[in-house]
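**Q** The structure that follows is given in the form of structure tokens.
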């Protein structure tokens, strides 16, 4: 059976036809937009740091340089559940800054290892949720020689998504198509709000749907709990969401179990090795489409790569489809 997995022409060609790059930072962005089971999915896991966070890392650091907030020899310090730490570590290495990643214990070991491999120091504060790490990063960011991008609060985060990622998606949609819904998990809220603002410029009625884990419905009901969808629901309502809450049409909960099952299906059926949030996004986007079949252009994002979760979700035989014995493989 032919699967619904067609890349938009503009997205595919632009992603493949890059010119020479001065450094790794020039490879950020311009990721493909593909049609997956009736949903348009932006493949942000193909960014060089392995996640969508490469965009805000580059954007916010270069903004800080222009504003004189970040100077040669300084240390970038940020609180993160992992992906922004990886992305900032990449940017810091490319630009020659020191990097201090402040993150809670209990995140995937790959995320910690990637930041360290890129030359960053990793300080683990608290467990699973980012609250304590956030307080520590804010404290250190006030000291001379340190700069804290403050991803959960900064309007630069929103701005990047509004002026870079949002217009990039719009340029890749088929001619005549306008976005009718955006489905995105709430980590910092910057992507949902910023891309949503860009979409509303072309369609004021576009639905903006936030996603959070059923086990940790912080925005919906003020609860926090342990869940398996790392990168969203970090234990508090981000400042970006607090300021822009009225832009959102709805926040939808999805279970970790559903998200992980969909993550594995995406890998096995479509060859896209992504993380749990991508599974969550596709589950909610498909629910929305089934409930509102009149919505013809629903957009979501596959935000990070599955390589960051091998030890947690793909290492055992049950997760990766099972090993087969040599004699079985020849049958």
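FYI, it's all coordinate maths here, none of it is from the lab. Just so it is clear, the structure is predicted and the values come from calculations on it, not from any experiment. Every residue, glycine among them, receives a Cβ derived from its backbone with ideal geometry; neighbour counts consider all protein chains shown.
**Q** Express the relative contact order of the range 48-159 as a whole percentage, based on alpha carbon pairs under 8 Å and six or more residues apart in sequence.
**A** This gives 30 percent for the range 48-159.
**Q** If I build a Gaussian network model for the chain, linking alpha-carbon pairs within less than 10 angstrom, which residue out of 196, 141, 106 has the largest mean-square fluctuation?
**A** 106
**Q** Can you put 218, 80 in order, fewest other beta carbons within 10 Å first?
**A** 218, 80
**Q** For the chain, what is the mean residue ellipticity at 222 nm derived from helices alone (per DSSP H run of n ≥ 4: -39500 (n - 2.57); sum divided by total residues; nearest 500 deg cm²/dmol)?
**A** Working: 14 runs with 130 residues, N = 331.
When only DSSP H runs of four or more count, the value is -11000 deg cm²/dmol.
**Q** At residue 123 and residue 294, where each label point lies 7 Å from the Cα along Cα→Cβ, what is the point-to-point distance in nanometres?
**A** 5.3 nm
**Q** Of the peptides 205-216, 84-95, 166-177, 291-302, how do they stack up when ordered by the mean number of other Cβ atoms within 10 Å, highest first?
**A** With the highest mean Cβ count within 10 Å placed first, the list reads 84-95, 205-216, 291-302, 166-177.
**Q** Whole Å is fine, so just give me how far the alpha carbon centre of the range 229-257 lies from that of the range 47-90.
**A** If you average the Cα positions of each part, the centres end up 22 Å apart.
**Q** Just to be sure I understand the model, the point goes 7 Å from the Cα along the line to the Cβ. What's the resulting residue 243 to residue 93 distance in nm?
**A** 3.1 nm
**Q** Shifting gears a bit: Quickly work out the residue 105-to-residue 236 label distance, labels modelled 7 Å from Cα along the C-beta direction, and quote it in nm with one decimal.
**A** The answer from the label model is 2.1 nm.
**Q** Here's a follow-up. Tell me whether the chain comes out rounded, prolate or oblate; compute the Cα gyration tensor, take square roots of the eigenvalues as a ≥ b ≥ c, and use a/c under 1.5 as the rounded threshold.
**A** Rounded, because the longest to shortest axis ratio a/c is under 1.5.
**Q** Shape call for the range 162-306 from the C-alpha gyration tensor, a ≥ b ≥ c root eigenvalues: rounded (a/c under 1.5), prolate (a/b greater than b/c) or oblate?
**A** It is oblate, given that a/c is not under 1.5 and a/b is not larger than b/c.
**Q** So what is the relative contact order of the chain, in percent, for Cα pairs below 8 Å that sit 6 or more residues apart?
**A** 17 percent
**Q** Using a Förster distance of 30 Å, how high is the FRET efficiency between residue 201 and residue 113, based on the Cβ-Cβ distance and rounded to 0.05?
**A** About 0.15, to the nearest 0.05.
**Q** Taking the highest mean first, how do the peptides 271-282, 223-234, 184-195 order by number of other beta carbon atoms within 10 angstrom per residue?
**A** By packing density, highest mean first, the sequence is 184-195, 271-282, 223-234.
**Q** Fewest to most neighbouring Cβ within 10 Å: what's the order for 217, 148, 303? Let's see the in-between values first.
**A** Details: 217 18, 148 24, 303 28.
Neighbour counts put them in this order, fewest first: 217, 148, 303.
**Q** Let me make sure I get this right: for the range 98-212, a, b and c are the square roots of the gyration tensor eigenvalues over alpha carbons, sorted descending. Under 1.5 in a/c it's rounded, otherwise prolate if a/b > b/c, else oblate. Which is it?
**A** It is prolate, given that a/c is not under 1.5 and a/b is the larger ratio.
**Q** Based on the Cβ-Cβ distance of residue 311 and residue 69, what FRET efficiency does E = 1/(1 + (r/R0)^6) give at R0 = 30 Å, to the nearest 0.05?
**A** Working: r = 36 Å, r/R0 = 1.21.
Here the calculated transfer efficiency is 0.25.
**Q** By DSSP, what percent of the beta bridges with both residues in the chain are antiparallel, rounded to the nearest 5?
**A** Working: 9 of 38 bridges.
Around 25 percent antiparallel, to the nearest 5.
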